[in-house]
């Protein structure tokens, strides 16, 4: 039964010019924009509504938050580089070079891991130990919620990349084009995750 | 039609059938099986939500009196001596809303009808992402289970209303945490589903099926999917923030200086209770159209089929649906006129609210004009579809005094609101759902539901559902607040208590009337009249597939030659001309 | 129509009628208000007023007028639409040998009807709703009109009414001073302005004098709803929102909470006494005599 396969899983639809997986990824990213958009809007609303300095509820300055722009900047760099390696992975696969593509995927994975390790060991843990818990102020509520949700997205990306490095790699043998497409979709998602960080970094560390 | 034996022969029938029972019926990736799973689960939830309401109606009609027969089964924590406690009443209210909206109606309209019918109507072999489809059902199921479990935790299920307004929801009992976790699952499920729906509708249409040859139902599903895709994430964000407020002690929605039960609150403060409302209604107003558009789609299909005439104003209807979708994102604050909103903002939202009524009026008008010079068959699905029209009209019209800020003052948060939106979603959407079940039952089972039982079910439901919701307008005009455990004790409440009792009896009788449906539903599976693949002599593609459709749906991929509702085409012998027929057979 | 269908229709009509007549049998006979405590004035649930409660406010007739007009408008639309609907159901039911008309009618009337509806909606909004709303929200009484200012502080599940007393100044309040029994609004007793402040669980108002209520809440969101005044305003913690009105008729009336606020939301009721100026002044006098007593009623 069910020998009938679905059309446009690999090749683009003649009218829309896009294969289904990529289309779905874009739609998913649209919903992600709304998710982070809502959080950013909340940030704006709460920051604008915060009282001025003498009040204990005022918006904290950088000296008060003790967030290091150096660590944040380093992590920004890590994610930007990982975006490049992700593109390189896809480009290599597109040109039929599986082992090169795989190397770049590994690199992306390790960069993501670096990001998470830095985030946890140099930021979260010392902050939480130092009493800068989410309940401390509206700023820290937003900081942990935004970066936490973003961190979960990074980990989600690592799971997907890990899958295509591990069990998912078998697809390359069956259908290299299909595999390449899936890496392209993963890449789209990965760029989005980077993009969110590129917004988060100035909003939380610099502004 | 070799596909017929697919279901009847079962598992032992040899090489072409490798799927185990589990893969076939439980973890299936077939959109039809998933559709049926959604349908059965959601009907159970719909029934549960209805039962919660019938219990609430006892307390409302006869406050403080022990509930007969079933009262003693709920224990001392909920109903000591069979008398409902206010906290239990609030739990029932919150969970009635949540279950009906998120676990009953939306899964039925989108998960069940959308999943089952939409791919068939566009001539697709399945959804674009079958595994994602399965995942979306199971995530939904987990969300449902979390909601059910919440009834059994200390303090009972969530009791801050289905709207979960902060700060009340932040200081509420543990059930609220489970409510939030359950909602995150349900939202995730909706997101997965909506991505799948949009891609399927855009990518997998049969050859010749251009966008303006799509049945209106498919258009409704497309707009709905966009609403779910874009409106749900803000609620997910809000849900995460409320979860943080409850679990991590943050104060997103908590201002400073709270004194709860005489004890000053220890949270840092600095949050905004209105932020929750904005994020919530940014979802929940589009959600209203998620509840109504697919039902309009079902009704449009059935009206075209049973008037034996093309739909009047198909294109305006499509444009109206799209316009509704857009507008529904900028009307949300009309739920918040009483939060101290100034004239400028309230005028903006009142204006958008008035504007959004126009496309609804256009769709409704088009459906009614479709009856003109028709040849109306009063089949059971048609009866439900026809009854949908005036009752949806009542729901829409009573939105008018609520949408104008001035007349909203006395009516806001009263029973008038309850009457208004229930007329939209209960006699409206749920009648649309019944219409759809009677209409597509033969496609799913190959058998028709019993006509006489169906007609009894219809007429009783029609009378009693009006008896339930009509009196609410009177209560609302009289000024009775909603969500009251009892309105007795207020002079203005006691004066209309008789209407409450009428409404309660309506609800219980409505419950009894559903027995005819339940019996019919199960009996017809075995004993229903066997019918052909196209028993309603319809034109759309789902009727070109065998009943029930096999895995992969169509024996040959269909090709579409004409618009969706070519009924009574002059010069043809038959009064319907299917979309896939090259020439008249 | 087949015979059984006709019979079914008659039976249903009878059932629908029966339901209405059976209302007294179901215990539906409207009981005289048995509200505990204070007797509430006014005649309620009169269908001739569209069941609206009596109106004792200066601005209420505008809102009521809008509601009457809207329901008339809705009725006209529904009946007009319904007549066409029912006509179609009878006239165009399926008959042997007859086919539906494939051609679609050019429905000019429906287009005109839709345009008319849009115009009427626009007029209702801009001509009636917006001015009423603006006057309710913006036109707070000036000092020259000598408004009475009252702070309304909601809590689970009671209303506290805070009057400034003779000096016309509200004393300082803060959360740490709150004591549910003796100091529900958290007055700072050391503040000079607080000395003559009055806090009451019953709202007393002078008739025919503008009143500005500043609505707020101690804990969760409540909603200050006075049906007879056509006043409703959410009480939101962290915000103080003014609402104003002028009562035109003396008597005892009800204040309800319109926003779900917890278990006893249903019993969050207060009595509002509208009285002549001299009696109101007398009440203020009585209340301010022993300043330590901030009893809840």
Working note, the stretch A:67-206: Cα radius of gyration (Å, one decimal) and Dmax (Å, whole number) are 16.7, 53
Could you work out the mean projected area of the convex hull around the alpha carbons of the stretch C:144-287, in square nanometres to one decimal?
-> 8.3
Which value in Å is the Kirkwood Rh of chain B over different Cα pairs?
-> 24.8
With Cα atoms, 0 to 90° folded angle of helix B:130-149 axis to chain B main axis | 30
Gaussian network model of chain C, Cα within-10 Å springs - most flexible of C:65, C:75, C:42 = C:75
With r as the distance between the Cβ atoms of residue A:81 and residue C:209 and R0 = 60 Å, compute the FRET efficiency 1/(1 + (r/R0)^6) and round to 0.05.
-> 0.25
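Give me D for the stretch B:304-357 in µm² s⁻¹, whole number, from Stokes-Einstein with Rh from the Kirkwood sum over alpha-carbon pairs, 20 °C and 1.002 mPa s.
163
What is the calculated FRET efficiency for residue A:94 to residue A:195, with r their C-beta to C-beta distance and R₀ = 25 Å, to the nearest 0.05? All intermediate terms of the calculation are to be shown ahead of the outcome.
Details: r = 22 Å, r/R0 = 0.89.
It comes out at approximately 0.65.
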Using alpha-carbon coordinates alone, the radius of gyration and Dmax of the stretch B:172-321 in Å work out to 21.1, 69
How big, on average over all directions, is the shadow cast by the Cα convex hull of the stretch C:179-255, in nm²?
-> 6.0
Per the Cauchy relation, a quarter of the hull surface: what is the mean projected area of the convex hull of the alpha carbons in the protein assembly as shown, in nm²?
-> 45.2
Computed over chain B: longest principal axis from alpha-carbon atoms vs helix B:431-445 long axis, angle to nearest 10 degrees, is 40
Work out Dmax and Rg for chain C from the C-alpha atoms and quote the Rg first, both in angstrom.
-> 26.7, 93
Taking a crude spin-label model, label points 7 Å out from Cα along the C-beta direction, the residue A:206 to residue C:145 distance in nm is 5.2
Percent antiparallel among DSSP beta bridges confined to chain B, nearest 5, equals 75
Could you state the number of Å between the C-alpha centres of the stretch C:215-230 and the stretch B:236-307?
-> 21
Please give the calculated 222 nm ellipticity per residue for chain A, where each DSSP H segment of at least 4 residues contributes -39500 (n - 2.57) and the sum is spread over every residue; nearest 500 deg cm²/dmol?
-> -23500 deg cm²/dmol
Working from the alpha-carbon coordinates of the stretch B:228-309, get Rg over Rh, Rh being the Kirkwood radius.
-> 1.32
Quick one: angle between helix B:273-307 and the longest Cα principal axis of chain B, in degrees between 0 and 90, rounded to 10, please.
-> 30
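What percent antiparallel are the DSSP beta bridges of the protein assembly as shown, to the nearest 5?
Counting only bridges with both partners in the protein assembly as shown, antiparallel ones make up about 70 percent.
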Residue separation between residue A:173 and residue A:33 times 0.36 nm, minus their alpha-carbon distance, gives in nm 46.9 nm
Of all DSSP beta bridges with both partners in the stretch C:144-287, the antiparallel percent, nearest 5, is 70
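Let me have the 222 nm mean residue ellipticity of chain B computed from DSSP H runs of 4+ only, each contributing -39500 (n - 2.57), with the sum over all residues rounded to the nearest 500.
-19000 deg cm²/dmol
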If each of residue B:348 and residue C:264 carries a label point 7 Å out from its Cα toward its Cβ, how far apart are those two points in nm?
-> 4.1
Roughly how many Å is it from the Cα centre of the stretch B:413-490 to that of the stretch B:85-109, as a whole number?
-> 15
Pairwise FRET efficiency - residue B:20 versus residue A:121, Cβ, R0 = 35 Å, nearest 0.05 = 0.15
Could you tell me the distance between the Cα centroids of the stretch C:166-198 and the stretch B:138-185, to the nearest Å?
-> 39
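Each value in this text was obtained by applying a stated rule to the coordinates, not by laboratory testing. For clarity, every value in this text was computed on a predicted model and none was experimentally measured. Heads up, the Cβs are rebuilt from the backbone with ideal geometry, glycines too, and the neighbour counts pull from every protein chain shown.
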